[in-house]
Amino acid sequence: PGNTSAKNLDTITDNSGSVLLTNLDSGSYSIEINDRQGYAALVSFQVDSGDTDSLGSVLKRTSTISGTVNSTMEVSSAIAEIYGLERVTAIDPLTGEFTIEDVPEGTYSIRFSSEDDPEIKTEVYGVTVTASSSPEPLIVGLSWPLVQNIFLNTGSDGAAVSETILDFPVLIRLSSSDFDFSTTTDAGPRIRFTNSHGDTLPCQIELWDSLSGKAVIWVRVDTVRGDGLTVIRMLSGKNDASMKSDGADVFTTGNGFQAVWHLEGDGSREVLDATENSFHGTPAGSKLTSRDCIIGKGLEFSDSGYIEIPNSADGALSYPQDGAFTLSAWVNTENLDTFYQDIISKGNFQYGLQINRYYLWNFYVYKSMEGWVCTDAPAESGSWHFLAAVSSGNAYYLYVNGTLADSVTVIKADSIKADYSHNVMLGRRSDIDDRYFRGKLDEIRISNRARSPAWIRLCYENQRPDQKFVIIRR
């Protein structure tokens, strides 16, 4: 939007609805066709030298864009302007309200600015209107120069999740194609996220690399609507603004998160837990190696490398045999053989998630004096898989890539008592020096509640590299 120029070509169609435009310079064009009776179309196209082309479109019902502009500065005269259309409307100086009517179906960038001071301005990207509905009223702050709409799509062409989910940690991946990294710095990126009502959403920055033009951010969204679109907004370009990146505000214990390890470290230092529980891990054995993984950085395990979680034998990560809890991890195992490989272990006689010697993903819970209750699914090596294991009373579920793989439990009988005395370990069986994992792990979580099928599916659909859930407009 900042590099566009306008060339107005006003004309009317003939009796057949056709219009002829000649002698156009090379470049990108947007043509609005409007009958001034509530129906219009926006046609966008590219013209190269010597082109001759025929374009068609159907007039559809127009919509309205409205909202409120909030400003901490004295602004007596301000306007809202849609790039690409002849739409300029005044913003009410008392209420801050504005209305732009008769807008054709399309996606727009809108510039809000003060006529008194050109330095006071905000650009909002990705405002989408359709013939069937107008967008939610915008809440715009003139103190933030750039505002981008982010759409969370749970429809059939997105994550395909029909249930509404509350307080969900949404993964936002930024690249130079959808964010201008020159507007902020590595030393302290100044961005903020809000919902459609303008309320600030907590976020945690896992990775920010301005030089490479990529970032990984977790945002706790209060409500993700099922089977539809949820709009949140990213504010940027104000480098004197305060910025709070806090995993404990995103992965709250009140929402069931008891430990969340992004595994973004270098493999030699403490492995940080994002929750307020601070179950930080200690690397041990062979050195772990930082690798590009499914979500930013993760860790590669080899030989006898593993992570121990000190002081986790009792308390928030220890669950009774009929308790409610969920384990999840992104897993890329190097190879399958007749050796067990533990991913998350609380001891062979409590609970764990592993690859067993039968080439199966295996979730087990040990029942004292009875034996192991197991759910299994065929394992694969050399590629990434999202595993989620759920214990809910006497029901047990194993999900692979967001889909239920097994809920028919198999009991392997044993008469030993359950043993709750061991710390949690990642990449090794915790009660003996054995069952080392070989491969890469990323985003390991433990929750003290049984996550729903919709929650697990949305985690997978959001975090997979080819996701269609998060749409960032620029």
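Remark: the chain carries 45 Å² of accessible area per residue (probe radius 1.4 Å; ligands, DNA and RNA excluded).
Sorting Glu101, Glu461 by accessible area puts them as Glu101, Glu461; the probe is 1.4 Å, largest comes first, and only protein heavy atoms count.
The H on the amide N of Glu115, modeled in the peptide plane, is under 5 Å from the matching H of Ser77, Ala78, Ile79, each at least 5 residues off or on a different chain.
Taking all protein chains together and rolling a 1.4 Å probe, Tyr436 ends up with roughly 40 Å² accessible. Listed peptides 327-333, 467-473, 32-38 appear in the order 327-333, 467-473, 32-38 once ranked by packing, highest mean of other Cβ atoms within 10 Å at the front. Dipole size of the range 360-443 about its Cα centre, with +1 on Lys/Arg Cβ and -1 on Asp/Glu Cβ: approximately 80 debye, rounded to the nearest 20.
Here the calculated FRET efficiency for Asn335 and Asp434, from their Cβ-Cβ distance with R0 = 22 Å, stands at 0.80, rounded to the nearest 0.05. The label-point distance for Asp246 and Ser304, in a model that sets each label 7 Å from Cα toward Cβ, rounds to 4.2 nm. Projecting the Cα atoms of Trp455, Phe339, Ile12 onto the charge dipole of the chain (Cβ charges, centred on the Cα centre) puts Phe339 farthest toward the positive pole. Out of these labelled values of mean projected area of the Cα convex hull in nm², (i) 26.5; (ii) 27.7; (iii) 30.6, which was calculated from the coordinates shown here? Looking at mean projected area of the Cα convex hull in nm² for this model, the match is (i).
Taking square-rooted eigenvalues a ≥ b ≥ c of the alpha carbon gyration tensor, is the range 332-474 rounded, prolate or oblate, where a/c under 1.5 means rounded and, failing that, a/b exceeding b/c means prolate? Here the range 332-474 falls in the prolate category.
With contacts taken as Cα pairs under 8 Å at a separation of at least 6 residues, the range 170-298 carries a relative contact order of 22 percent.
Cross-linked pairs Lys244/Lys287; Lys214/Lys346; Lys244/Lys297: Cα-Cα separations exceed 27 Å for Lys244/Lys287; Lys214/Lys346.
Ranked by solvent-accessible area (1.4 Å probe, protein heavy atoms only, all chains present), the residues Glu380, Glu308 order from largest to smallest as Glu380, Glu308. Length available on full extension from Ile411 to Lys468: 0.36 nm per residue minus the Cα-Cα distance, which gives 16.6 nm. Extending 7 Å from Cα along the Cβ direction at Ser28 and again at Ser177 yields two label points whose distance is 1.4 nm.
Relative to the dominant Cα principal axis of the chain, helix 453-463 is inclined by about 70°. Relative contact order of the chain, taken over Cα pairs closer than 8 Å and 6 or more residues apart, is 13 percent. Here is the list for the range 201-257: trypsin sites (Lys or Arg not before Pro) lying in DSSP coil, each with at most 14 other C-beta atoms within 10 angstrom of its C-beta, are Lys244. Which one, Pro104, Ala316, Ser210, is farthest towards the positive end of the dipole of the chain when Lys and Arg carry +1 and Asp and Glu -1 on their Cβ? Value: Ala316. If you plug the beta carbon distance of Ser134 and Ser383 into 1/(1 + (r/R0)^6) with R0 = 51 Å, you get a FRET efficiency near 0.70. Taking all protein chains together and a 1.4 Å probe, the residues Asp431, Asp314, Asp466 rank Asp314, Asp466, Asp431 from largest to smallest accessible area.
Note on the range 338-402 and the range 86-130: Cα centroid distance 54 Å, given to the nearest whole angstrom. Per-residue surface analysis assigns Thr99 an accessible area of about 70 Å², computed on protein heavy atoms at 1.4 Å probe radius. Legend: calculated FRET efficiency, Ile79 to Tyr358, from the Cβ-Cβ distance at R0 = 45 Å, rounded to 0.05, equals 0.10. Projecting the Cα positions of Leu138, Leu152, Pro189 onto the charge dipole of the range 132-218 (unit charges on Cβ atoms of Lys, Arg, Asp and Glu, taken about the Cα centre) puts Pro189 furthest along the positive direction.
The values are calculated or read from the model by the stated rules, or taken from the named source; none is laboratory data. Every value quoted in this text rests on a predicted model; they were computed, and no experiment measured them. Cβ sites come from the backbone with ideal geometry, for glycine too, and all protein chains shown count toward neighbours. Remember, those area values only see protein heavy atoms, side chains included, never the ligands or the DNA or RNA. Shrake-Rupley method; radii C 1.70, N 1.55, O 1.52, S 1.80 Å.
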